[in-house]
Amino acid sequence: MPPDSRTDAVPAPDIAAAHLPNRPGLAELFLAFAKMSLAGFGGVLVWARRAIVEQHRWMTAEEFNETYALCHFLPGPNVVNLSVVFGSRFRGIAGGIAAFAGLLLPPMALMTILAALYVRYGEIDVLRRILAGVSCAAVGLAIAVVFRMMMPPIRKRDVIGLGLMVAVFIAIGLLRLPLAAVLLAATPLSLAINFVMRRRASP
Amino acid sequence: MNSGANPIATLVWTFGLMSLFAVGGANAAIPEMHRIAVDIQHWLTDKQFADIYAISQLSPGPNVLIVTLIGYSVAGIAGALAATLAMCGPTAMLAYGVSRFLARSSQSRWPATIQAALVPLSIGLMGASGLILAQAADRTWVAVLMTAAAAALAFATRLNPFWMLLAGGLLGFAGVV
């Protein structure tokens, strides 16, 4: 067997990616996702985009946006979905698993160590004070993301979107209703409204 | 509901189900995690939940790994693994299936209507996360002020979030909070 045919033994990719200059292997996928995961403080997406589009040129910016849009719209952690969709695109199921494992295993090991330390030392006064300070800041960061995301609908004067947003906020944040019930009611409603609006906009 | 059952099974069931409703990413599921871990199952106190959120933000990796910490506090290393896989596995398989299906059926873009309909819902969910986390973390007026300052800074500038977490930790260390 000639040494070149080794690459053919890899399961066929789901989408022909022949036009792309680089096609990562399994180990490469695992390492690339492990790296972006460990670099990603407060979110991995920025690093994923940098690595996939700019550094390795595995996807164009448009392809990345489309893939991310799909992963954002499907349920579950977005970046985790992205890793599976991305990996499987190049190397089939094995590629998806390699990227998934690279993204999750290293930070999970780190997180488990931190959890063990917290369980043992979490009540020490100095640590308590530091954590209290960090959590104040972390909550502020989370709130800032919400404000950033609210800007496009506010600029577009999207009254209905803002209304749905406030309704979900009240139902979950203030009334503390279960997530499943709220989404099962709000999703069809929002879909119906958007469908009607689009029809009216383009008769 | 079934708090007397095997804790690993409860974790898998809880997070597996939750992940299917976590539209808009892990941060949109924070209120549900809080509701189940603090109010229903009593795995954590409000304060511990705020701590765990802080730890998950301080360490690298996807935000969803807060479930690793919840899982660990319920059932050790096995719990950490079970919670993480339950939260990530089923939806990852779903994403795989859908992307294959879409790649085969057509080259068209993802239905824009569905996305437009889901965006306001996920922003509302994330707003609720902010509120619930603030109620858990901000016990004093100084703490509320610090949160507001961090929010304003992060909204108005492109400062790396890590510096704000560090500043929060230092202020906490100094006993300000």
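Just going by the charge dipole of the protein assembly as shown, with Lys and Arg at +1 and Asp and Glu at -1 on Cβ, which of B:HIS34, A:LEU131, B:PRO7 is farthest out on the positive end? Looking along the dipole axis, the top candidate is B:HIS34. Gyration tensor analysis over the Cα atoms of segment B:66-177 returns equivalent ellipsoid semi-axes of 36, 23, 13 Å (largest first, whole Å). Inter-chain Cβ neighbour count for A:121-127, averaged per residue, equals 2 (cutoff 10 Å, partner chain atoms only).
The tail of the calculated P(r) for the protein assembly as shown beyond 28 Å holds 46 percent of all Cα-Cα pairs. When the charge dipole of segment A:44-193 is built from unit charges on Cβ atoms (+1 for Lys and Arg, -1 for Asp and Glu) and taken about the Cα centre, the candidate among A:ILE160, A:ALA51, A:ILE143 whose Cα reaches farthest toward its positive end is A:ILE143. With K and R counted +1 and D and E -1, the other residues having a Cβ less than 12 Å from that of A:ALA132 yield a net charge of +1. Spatial offset of segment B:114-163 relative to segment A:84-112 amounts to 29 Å, using the alpha carbon center of each. Karplus-based coupling profile of segment A:95-110, in residue order and whole Hz: x, x, 5, 4, 5, 4, 5, x, 5, 9, 4, x, x, 5, 4, 4, with θ = phi - 60° in 6.51 cos²θ - 1.76 cosθ + 1.60 and x standing for Gly or Pro. Among A:HIS72, B:HIS42, A:HIS56, the order by Cβ neighbours within 10 angstrom, fewest to most, reads B:HIS42, A:HIS56, A:HIS72.
With helices as the sole contributors, chain B gives -24500 deg cm²/dmol at 222 nm; each DSSP H run of n ≥ 4 counts as -39500 (n - 2.57), and the sum is divided by every residue. Exposed loop sites here mean trypsin sites (Lys or Arg not before Pro) with a DSSP loop assignment and at most 16 other beta-carbon atoms within 10 Å; chain A contains its longest site-free run at A:58-155.
Under a Cβ-only charge scheme (Lys and Arg +1, Asp and Glu -1), can you give me the dipole magnitude of chain A about the Cα centre, in debye to the nearest 20? Provide the component values of the computation, followed by the final result.
On the way: 19 positive and 11 negative charges, 135 e Å.
The calculated dipole for chain A is roughly 640 debye.
The mean number of Cβ atoms from other chains found within 10 Å of a Cβ in peptide B:24-36 is 5, as a whole number. Across peptide A:191-200, the average count of Cβ atoms from other chains found within 10 Å of a residue's Cβ is 3.
From largest to smallest, the equivalent ellipsoid semi-axes obtained for chain A from the alpha-carbon gyration tensor read 35, 30, 15 Å. Under the convention that each Lys and Arg Cβ holds +1 and each Asp and Glu Cβ holds -1, the size of the dipole of the protein assembly as shown around its Cα centre is about 760 debye.
Every number in this text was worked out from the coordinates using simple rules, so none of it is lab data. Nothing here was measured: the structure is a model prediction, and the numbers come from that model. Every residue, glycine as well, gets a Cβ built from its backbone with ideal geometry; the counts of neighbours run over all protein chains shown.
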